[in-house]
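Data first, discussion second: the structure below is written as structure tokens.
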Amino acid sequence: MGNNDNIKRLPDAELEIMKELWAADEPLTRPQLEQRLARKSWTSTTLLALLARLESKGFVSRQKQGKGYLYAAAVTRQEYLPVESRSALGRMFGGSARNLVAALAETHALSDTDIDELAAYLEQLRRKG
């Protein structure tokens, strides 16, 4: 897909399928996906409908194999991650990176090492420009 400005945030169910495809070392069949997603208790029809939606959005590619298909991610996790990050920042922190960091600090989720790494990273970003 290339430019992630054109990528839209996926609904949770579709994102669950993408996570399994990203985690796989190779394309998966529908039965393999069903097995990996057994915790969801989806019917085959539901899974096929979600895969069809993902394919129409350009997230999944399928290739005929015997009587079924092999499904693979057409968008990488790295291409999608900024979309999910922007969405979470907007929904939960009013679009403010400062609010995100403040929430982490208030819940004591940031160690001194984390703070040092963040400071170094922000300085690196400032130099890039």
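The values are calculated or read from the model by the stated rules, or taken from the named source; none is laboratory data. Note that this is a predicted model, so its numbers are computed, not measured. All Cβ positions, even for glycine, are placed from backbone atoms using ideal geometry, and neighbour counts span all protein chains on display. Side chains included, ligands, DNA and RNA excluded: accessible areas come from the protein's heavy atoms. Shrake-Rupley method; radii C 1.70, N 1.55, O 1.52, S 1.80 Å.
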Average Cα contact separation per residue, the chain, under 8 Å, 6 or more apart, as relative contact order %: 25
Computed E for Ala52/Ala120 - FRET, C-beta separation, R0 41 angstrom, nearest 0.05: 0.35
Reachable lysines from Lys57, criterion Cα separation under 20 angstrom, eight or more residues apart if same chain: Lys8, Lys19
Inverse mean reciprocal Cα-Cα distance (Kirkwood Rh) of region 66-118, Å: 13.8
Cross-link partners of Lys64 among aspartates and glutamates (Cα-Cα below 20 Å; sequence separation of 8 or more within a chain): Glu20, Asp25, Glu26, Glu34, Glu55
Å² of accessible area per residue within the chain, as computed with a 1.4 Å probe and no ligands counted: 68
Over region 1-61: Rg over Rh, Cα atoms, Kirkwood Rh: 0.96
Built amide H within the under 5 Å cut-off of Thr29, gap 5+: Tyr71
Evaluated over the chain, the Cα radius of gyration and Dmax, each in Å: 18.6, 56
Solvent-accessible area, 1.4 Å probe, carbon plus sulfur percent, for the chain: 52
